[in-house]
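The values are calculated or read from the model by the stated rules, or taken from the named source; none is laboratory data. Here the structure is a predicted model, which is why all the values come from computation and not from measurement. Don't worry about glycine lacking a Cβ; one is built from the backbone with ideal geometry, like all the others, and counts go over all protein chains shown. In case anyone asks, the SASA skips ligands and DNA or RNA and just uses the protein heavy atoms, side chains included. Shrake-Rupley method; radii C 1.70, N 1.55, O 1.52, S 1.80 Å.
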Amino acid sequence: MAFTLFARRPEPVEPPTVEPEPWPEIGETWKPDGVTVVERYYNLGHAVVLVFLSSGYHVVSCLGCHYQATAYRERHISPLTLEKAAELANAHAAGCRALPREIPARRDDEAARDLLRTLVRGLRSRDEGLRLCLYHLDTHRLSLQRTNDWLVGELERLADDEPEVLKVSVNEWGTEFFLQKLPGS
């Protein structure tokens with residue numbers, strides 16, 4: 001009798017079976033621009049932990065808490081492979097108890113442009129000419145929800161409007177962006 005008291009286990013919790021509502025504009029479930037969702041995991045509170053591909057790299061992002069991962073460290077920092085991203089997402093989902101948040105709404109172009117400009121200004125440092133790559137913006141892709149072409153166009157526009165923030169260089173490999181040094185540094 002005493003052993004049965006200690007042998008009780010909680011009932012397993014099934015993930016919700018509710019299908020997401022399709023967007024009326026496209027008739028499909030949520031597919032943000034610039035992001036390809038590869039895998040989904042449910043955390044303990046039924047929030048979705050996404051593994052998505054953006055600008056050629058995998059990103060792990062929890063739609064319950066604010067956990068995000070774009071790289072891992074073993075001997076040195078490396079971008080996430082699909083296997084490593086799945087491992088991190090599964091490990092996070094197994095311990096996270098955050099409740100689901102709303103799926104991020106797609107900003108209009110002006111709001112996305114303002115967010116991108118704020119992000120780029122925040123990436124500046126005391127060093128001159130640090131290279132800005134699209135993968136530096138991957139953790140913000142769910143907020144931006146824009147394609148790489150849109151981002152490149154807006155970065156070129158920012159470089160024209162504010163050359164003290166960002167410079168652009170075109171070479172045989174394509175367009176490169178360089179963050180400019182913070183004023184007073």
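Remark: the range 113-170 carries 51 Å² of accessible area per residue (probe radius 1.4 Å; ligands, DNA and RNA excluded). Using a 7 Å offset from Cα along Cα-Cβ at residue 147, what residues in the range 82-118 end up with backbone N under 18 Å from the label point? It comes to 106-110, 112-113, nothing else.
Let me make sure I get this right: for the range 46-110, a, b and c are the square roots of the gyration tensor eigenvalues over alpha carbons, sorted descending. Under 1.5 in a/c it's rounded, otherwise prolate if a/b > b/c, else oblate. Which is it? Oblate.
Amide H contacts under 5 Å for residue 39: 51, restricted to partners 5 or more places along the chain or on a different chain, H placed in the peptide plane at 1.01 Å from N. Between residue 176 and residue 102, the FRET efficiency estimated from the beta carbon spacing at R0 = 35 angstrom works out to 0.45.
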